[in-house]
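As structure tokens, the structure follows; a few thoughts come after it.
Just so it is clear, none of the values below were taken in a lab; they were calculated from the coordinates. On a predicted model such as this, the values are computed, not experimentally measured, just so you know. FYI the Cβ positions are ideal-geometry reconstructions off the backbone, even for glycines, and counts take in every protein chain you see.
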Amino acid sequence: FDFMGHPEGDLVLAQLVVYLALAPKSNSLYTAYAQVQDAVRTQGDLAVPLTIRNAPTSLMKNLGYGQGYRYAHDYAGHWVAEDYLPDELIEREFYQPGSLGQEKLWSEELADHRKKRAAKRALNRPKPQD
């Protein structure tokens, strides 16, 4: 605003207000955040998965910290089928995108990601003994 001055700056602010007023609204993130806070309160301190733990010492490396970590930016789409939550929360889906605006697209992408992570979990699940 200071760069443009009056009346141009006023028009930019008015246009911004109209744009935001007409933009699709969602409380999906707020709801997810509240669920995460509740999980932290009720579940307490949970173990961070070994694969995402930093290993600055040889002891930590020997304990398995960081082993098997895949840097998502080295992969197509900058995404890998990994779980970053503690085991107790692995099945929780905190964020549920709405059906409007950009969230509609995110919903499709998120469903695909969840499906791929579930398939990877199924492959890594121990087989029952006969």
Handout entry: Rounded if a/c under 1.5, otherwise prolate or oblate - region 19-81, Cα gyration tensor axes
Key = oblate
Exercise for the section: Within region 1-108, list the GluC sites (Glu not before Pro) lying in a DSSP loop whose Cβ has at most 16 other Cβ atoms in a 10 Å radius. Expected result: 82, 91, 93
Practice task
Run a plain Debye calculation on region 89-129 (Cα atoms as equal point scatterers, no solvent) and give log10 I(q)/I(0) at q = 0.14, 0.29 Å⁻¹, rounded to two decimals, same order as the q list.
Solution key: -0.42, -1.00
Handout entry: Computed P(r) (all Cα pairs; the chain; 10 Å bins; percent)
Key = 10, 24, 29, 18, 12, 6, 1, 0
